[in-house]
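J.: One structure coming up, written as structure tokens, with questions to follow.
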Amino acid sequence: MTRAVAAGAALWVAVACAPAPGAQIDDAAVAIPGVAATPPMGWNSWNSFGCDIDETTIRAQADALVSSGLAAAGYRYVVVDDCWYSPQRAADGSLTASTQRFPSGMAALGAYLHARGLHFGIYAGAGQQSCAQLSGSYPGRTGSAGHETTDARTFASWGVDFVKYDWCSADSDLADQKRAFITMRDAIRATGRPMIYSINPNSGLTSDGEVRGARYDWGGVATMTRLTNDISPQWTAATGPDGYQGVADIIDASADATARVSAGRWRDLDMLEIGVGTSLSPAQQRSHLALWAMMAAPLVAGNDLTVMDPATSALLRTPGVLAIDQDPAAHPATSMTADGTVRTRELSGGRHAVSLSNRGATATTMTFRPTGSGPTHNVWTGAVVPTGSDGTVSVTVAPGDTALLETTPGGPGQ
Ligand code: GLA
């Protein structure tokens, strides 16, 4: 942005000024009215299948979402990520499904999902190319730039309920991103179909080398906005903000994120890696779900649901944790410690959730003092946690794990 400032007799011009961290990109109260009063929940194809998707795979995942009980627990959006489309647009400029991968077409897939009580999500690239096209892993240049109205109408006509709109261009600036993301928001609004609008402004960097999504508040532009670069199924990735992110890296990034969160304006910590690969311990997977819930983040499973083991299924469906995530008050947690290992989240009805994370290598006892008068519950087990004679509550937390407690009205304690 360039501005002119009159200071006394002097006129200062052309002062380059990047918006301050947390600055709102657009002042709309909500991007798409009527969607996502609570954080969206569902499943996305990318973490387990990458570019290797077809309609048989997606239908099998949808069936497993229902038969496993995940759909009944709230995971209802089935998002078909990158690589579903034909590498060429049709003669009229519209996107079409890859005839090899989705021979029945996308409207038929939408009908299949809707018949099972599920919602239909789809991926599109914001620039000239999708991320897979940019990286050379899928042919063509079918990004939505210049085709926003056509593509939003196409998606609406297929019964799409969720658009993942992904930025994949390293050579553009914030002004380009604003224009692109707002143009698609307005195109989605103009269809009249209430589609969740999920953006990822992180795949390109600002000219000063910082990741965009973490810096600004896109809540008036999109229903949910990615905070970091892509998650990978490991605890820490050590590649910096423009490389892959481990679960702990994203937890750290979320602790001091400045964007405002409220109904219809969610901060996306990326899809879940629970049940993906073998690198994350059971305790780390619990922390993954617990901290996503504490931060009121969308819960979008990324594991192969057709081979899901009972422990993964049970973890993803843990009722108390999902209730924290979906709490209608929509207040994400604040960190009580500089390292973010203790967080409190204000819940509806005057209750509070408290997370106590052990980032060390050995089990540790963590203590806090609830200020409410009633009992404190362990959210994982439902059991009452005894209050000591000094009024404190103590829990032993395994390495990598997160204890989740819920207090009765009166305050979170300290
Ligand atoms: C980007 C996104 C991922 C996924 C891929 C698809 O990397 O951040 O979530 O959508 O593109 O190519």
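We did not get these values from a lab; they are worked out from the coordinates using the rules stated. Every value quoted in this text rests on a predicted model; they were computed, and no experiment measured them. Here the Cβ positions follow ideal geometry from the backbone for every residue, glycine too, while neighbour counts run over all protein chains shown.
J.: Ratio of the chain's C-alpha Rg to 2.2 N^0.38 Å, to two decimals?
T.: Rg over 2.2 N^0.38 Å, computed on Cα atoms: 1.01.
J.: Moving on. I need the calculated FRET efficiency for the pair residue 92 and residue 317, taking r as the beta carbon distance and R₀ as 41 Å, to the nearest 0.05.
T.: 0.40
J.: Mind ordering 235-247, 74-86 by average Cβ neighbours within 10 Å, highest first?
T.: Per-residue mean Cβ counts within 10 Å order the peptides as 74-86, 235-247.
J.: Can you tell me which of 21, 298, 40 moves the most in a GNM of the chain? Springs connect C-alpha atoms under 10 Å apart.
T.: 21
J.: While we're here: So how much slack lies between residue 242 and residue 27, counting 0.36 nm per residue of separation and subtracting their Cα-Cα distance, in nm?
T.: Numbers: separation 215, 0.36 × 215 = 77.40 nm, distance 2.75 nm.
Working it through step by step, the gained length comes to 74.7 nm.
J.: Could you give the dipole magnitude of the chain about its Cα centre, charging the beta-carbon of Lys and Arg +1 and that of Asp and Glu -1, in debye to the nearest 20?
T.: The dipole magnitude comes to about 740 debye.
J.: Can you sort 287, 348 so the residue with the fewest Cβ neighbours within 10 Å comes first?
T.: Going from least to most buried by this count: 348, 287.
J.: Amide H of residue 79: which non-local residues (sequence gap of 5 or more, or other chain) have their own amide H closer than 5 Å, using H built in the peptide plane?
T.: Those qualifying (amide H under 5 Å, at least 5 residues apart or on another chain) are 43, 44, 45, 121.
J.: With a 10 Å cut-off between alpha carbons and a GNM built on the chain, which of 223, 365, 38 moves the most?
T.: Fluctuation is largest for 365.
J.: Let me ask something additional. Taking the alpha-carbon centroid of each part, what is the distance from the stretch 329-396 to the stretch 249-270 in angstrom?
T.: The stretch 329-396 and the stretch 249-270 have Cα centres separated by 20 Å.
J.: While we're looking at this one, here's another question. Calculate the dipole size of the stretch 128-195 relative to its Cα centre from +1 charges on Lys and Arg beta carbons and -1 charges on Asp and Glu beta carbons; express the result in debye to the nearest 20. Working shown, then result.
T.: Numbers: 8 positive and 8 negative charges, 44 e Å.
With Lys and Arg at +1 and Asp and Glu at -1, about 220 debye.
J.: In what sequence do 131, 51 fall when counting other Cβ within 10 Å, fewest first?
T.: Working: 131 25, 51 17.
Ordered from fewest to most neighbouring Cβ atoms within 10 Å, 131, 51 come out as 51, 131.
J.: Also, quick follow-up: Would you mind ranking 114, 147 so that the residue whose beta carbon has the fewest other beta carbons within 10 Å leads the list?
T.: 114, 147
J.: State, to one decimal in nm, how far the label point of residue 309 lies from the label point of residue 108, with both points 7 Å from Cα in the Cβ direction.
T.: Spacing of the two 7 Å Cα→Cβ label points: 3.7 nm.
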